[in-house]
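The values are calculated or read from the model by the stated rules, or taken from the named source; none is laboratory data. Bear in mind the structure is a predicted one, so any value in this text is a computation, not a measurement. Cβ sites come from the backbone with ideal geometry, for glycine too, and all protein chains shown count toward neighbours.
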Amino acid sequence: MNNNHTLKQAANVPSVKLADLSVREKIGQTVVLLSGRAKEIEAHGSLEAFLEKYPVGGFFVGAEIIKDVMTSNGFEQVKEATEQYKAATKIPLIFASDLENGCGSMIPGLTKLPFPMALGATKSEQLAYDYGKATALEARLAGVNWTFSPVADLNVNRFNPITCIRAISDKPEWAIPLLKALIRGMQDHGLAATAKHFPGDGCDYRDQHLTTTVNSLSREDWLRQHGAVFQALIDDGLASIMTGHISLPSFQAETVLGGRYLPATLSAELSDTLLKRQMGFRGAIVSDALIMGGYLKWYERSEAYLRTLKAGTDLMLWPELTYFETVERALESGELTMERLDDAVERVLRLKRRFGVLASEEETAPIPIEETEAEAIEVFANRTAQQVAERSLTLVRDELGLLPAAPEAVRNVLVIGITPSAADYEELSTLKDAFERRGIRAEMIRGVWYEDLIKREPEFDLIVYAPIVRHHHPMGPLAFSADEASACWSALTAGRSKSVVVSFGSPYVMADYFDMAPVAVNAYSNVPSSHEAFVRALLGEIPFAGSAPVDNLYA
């Protein structure tokens, strides 16, 4: 891997030490807020006044991972926000976003990379490094210097509703080298990485956004699986870890509220004893969002926040602003020690020094990226996206010898999108475009009923079924219902000999809905580069080069 990138200290970066901070400023360093400039200005008159009263440590910018809940700000808006906040604060801020598959998924105008499971299918450490590098360079153009990625979970339970294609693999020996390379690519180029969601999602069939979930592995199995992944990343210099609203009973003795085990975000046994002391993590622990159902249902807000800080969390993600007064009162009463607060703040300051937010004596922080570099960065990011997409395409089966299809024999294609998400269906338009760029007429429809399929299939040389099941589109189980279930019922009931099923989401749909498909492909990602790669492989321009990074793909 080309990881000889040398970071240099940026000029005129302020130096901040723990002793320089007031108690309220220390409390603020443990807070990451969701950016909301208009509301902050309306309530306080200016950003300067808001940050004077609430001297937070950082802001989350761009769109949140659950896009049905929040809208996305484009590159210019994110860049403007980071610059305005920087100008308004006395203590330099760190800016975070969820850049799990490149910057484009959170910040329109930047590059969407295929999802991490596609990276897993390439099994290439060089591509993993480039994946991280591309993410870092584009992020820093927008003023973002911290990402809540990569997802380091293992997709142990194929029915888990939030890991799936966000995870690289279900096997630690497959995930570890790729995660290490990806994180180096990020951190070598000035973007702090965050492995999530400790102690490991992907075991439960439930969603921690809705309720606290459980990593049910035994101690031995956890140390061999999720524990091995997180330990390898810690040993390799990982900057931060996000704890999830997930319990790990095999490492917990304390039970509360009727014998329930606390999630890591509230558990000192997991965040402090296990992660910091036993595993030796010296970086910063950030909580998952404190607005999630798996967190909110335990205690009243102020009590929950205090328990989370005391448990070992260093940065609170999206607490209410009452958090400041809650911590001040706890310090005055002795319920919280200044030692615990200082430990958290020191970890935050180290994170900021390492990634150029504050001056560092090591002089290894990243220098700013000039806007003149934007075009070259875009080219590199797009090339990386295409390489990952092309090398990830996994041929599940071709019982008919249909692939590659002869381009001269494919003049009319029907693309049947099967997805409950209107946004995902609309994004399939770039698949249609990829056919049409090659002079192939393509028609795209959303779902189908078998009677209509029987009538229409003679019009087409090729039928492409494009099922898309993925996390939070919509929120709920990774399963089809209603119209999409009807489309799966109808699929392949006519034109079977000229049909290809390609999943642009969960690879498990092949077992659940298309086990009778004679020709099946997994592309893992509903992004332009994956659409283009599929058409190229379909027509024989490139091979199907990917390897399935997860098991249980067959019924």
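Kindly evaluate Glu269 against the criterion of being of a type in the set (Asp, Glu), touching an Asp or Glu at 6+ places or on another chain (Cβ under 9 Å) and assigned to a helix (DSSP H, G or I). Taking the combined requirement at face value, the residue satisfies it. Applying the condition of being surrounded by fewer than 24 Cβ atoms within 10 Å (Cβ to Cβ) and not hydrophobic (A, V, I, L, M, F, W, C) to region 262-278 and asking which residue is farthest from Leu336 (Cα to Cα) yields Gln278. Counting only residues that are β-branched (Val, Ile, Thr), in contact (Cβ under 8 Å) with a residue 12 or more places away in the chain and assigned to a helix (DSSP H, G or I), region 358-415 holds 3 of them. Consider region 416-432. How many of its residues are crowded, with 19+ Cβ neighbours inside 10 Å and part of a helix (DSSP H, G or I)? Going through region 416-432 one residue at a time, the tally reaches 5. Looking only at region 299-312, which residues are out of contact with any helix residue (DSSP H, G or I) (no Cβ under 6 Å at 6 or more places or on another chain) and not in a helix (DSSP H, G or I)? Within region 299-312, Tyr299, Glu300 meet the criteria. Within region 210-232, the set of residues being in contact with a His (Cβ under 8 Å, 6 or more places away or on another chain) and not polar (S, T, N, Q) comprises just one member, Leu217.
Per the conditions (1) closer than 30 Å to Arg329 by Cβ; (2) touching a residue at least 40 places away in the same chain (Cβ under 8 Å); (3) surrounded by fewer than 16 Cβ atoms within 10 Å (Cβ to Cβ), the sole criterion not satisfied by Thr313 is (3). I want to confirm something. Restricting to region 353-408 and keeping residues that are out of contact with any helix residue (DSSP H, G or I) (no Cβ under 7 Å at 6 or more places or on another chain), among the acidic types (Asp, Glu) and closer than 29 Å to Pro543 by Cβ, which single residue is surrounded by the most Cβ atoms within 10 Å (Cβ to Cβ)? Filtering first and then ranking leaves Glu378. Screening Ala232 against (1) in a loop (DSSP other than H, G, I, E, B); (2) in contact (Cβ under 8 Å) with a residue 40 or more places away in the chain; (3) over 18 Å from Glu100 (Cα atoms) leaves a single unmet condition, (1).
Checking the structure you have, find out if any residue of region 57-65 is at pLDDT below 95 and either part of a helix (DSSP H, G or I) or touching an Asp or Glu at 6+ places or on another chain (Cβ under 6 Å) (or both). Yes, region 57-65 contains a residue that is at pLDDT below 95 and either part of a helix (DSSP H, G or I) or touching an Asp or Glu at 6+ places or on another chain (Cβ under 6 Å) (or both).
For residues that are touching a residue at least 40 places away in the same chain (Cβ under 8 Å) and not aliphatic (A, V, I, L, M), scanning just region 434-459, find the one that is nearest to Pro108 (Cα to Cα). For region 434-459, the residue satisfying everything is Phe435. Within the group Glu459, Glu436, which residue is farther than 12 Å from His531 by Cβ and loosely packed, with under 14 Cβ neighbours inside 10 Å? Going through Glu459, Glu436 in turn, just one is farther than 12 Å from His531 by Cβ and loosely packed, with under 14 Cβ neighbours inside 10 Å: Glu459. Do the conditions hold for Asp130, that is, is it under 26 Å from Ser216 (Cβ atoms) and either in a helix (DSSP H, G or I) or at pLDDT 95 or above (or both)? For Asp130, the condition - under 26 Å from Ser216 (Cβ atoms) and either in a helix (DSSP H, G or I) or at pLDDT 95 or above (or both) - is not met. Checking each residue in region 538-552 for being more than 19 Å from Leu178 (Cβ to Cβ) and surrounded by fewer than 24 Cβ atoms within 10 Å (Cβ to Cβ) picks out Leu539, Gly540, Glu541, Ile542, Pro543, Phe544, Asn552. Per this entry, Gly200 is counted among residues that are over 20 Å from Leu553 (Cα atoms) and part of a loop (DSSP other than H, G, I, E, B).
Of all the listed residues (Thr322, Thr313, Thr308, Thr273), the sole one being β-branched (Val, Ile, Thr) and either at pLDDT below 95 or touching a Gly at 6+ places or on another chain (Cβ under 9 Å) (or both) is Thr273.
Residue-wise test of (1) part of a helix (DSSP H, G or I); (2) among the hydrophobic types (A, V, I, L, M, F, W, C); (3) in contact with a His (Cβ under 9 Å, 6 or more places away or on another chain).
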site	(1), (2), (3)
Ala442	no, yes, no
Lys455	yes, no, no
Ile463	no, yes, no
Gly476	no, no, no
Cys488	yes, yes, no
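If I ask for residues that are buried (at least 23 other Cβ atoms within 10 Å of the Cβ) and of a type in the set (A, V, I, L, M), which ones from region 486-509 would you list? Listed by number, the residues that qualify are Ala487, Ala491, Val501, Val502, Val509. The residue that is nearest to the chain's Cα centre (by Cα), counting only those in region 42-61 that are surrounded by fewer than 21 Cβ atoms within 10 Å (Cβ to Cβ) and without any contact (Cβ under 8 Å) to a residue 40 or more places away in the chain, is Leu51. Residues that are touching a strand residue (DSSP E or B) at 6+ places or on another chain (Cβ under 6 Å) and of a type outside the set (D, E, K, R) within region 479-491 comprise Ala487, Ala491, listed in sequence order. Of the residues making up region 142-160, those that are of a type outside the set (Val, Ile, Thr) and surrounded by 24 or more Cβ atoms within 10 Å (Cβ to Cβ) are Ala142, Asn145, Trp146, Phe148, Ser149, Pro150, Ala152, Asp153, Leu154, Asn155, Asn160. Quick check, is Ile183 in a helix (DSSP H, G or I), under 20 Å from Ser287 (Cα atoms) and modelled with pLDDT of 95 or more? Yes; evaluated as a whole, the condition is true for this residue.
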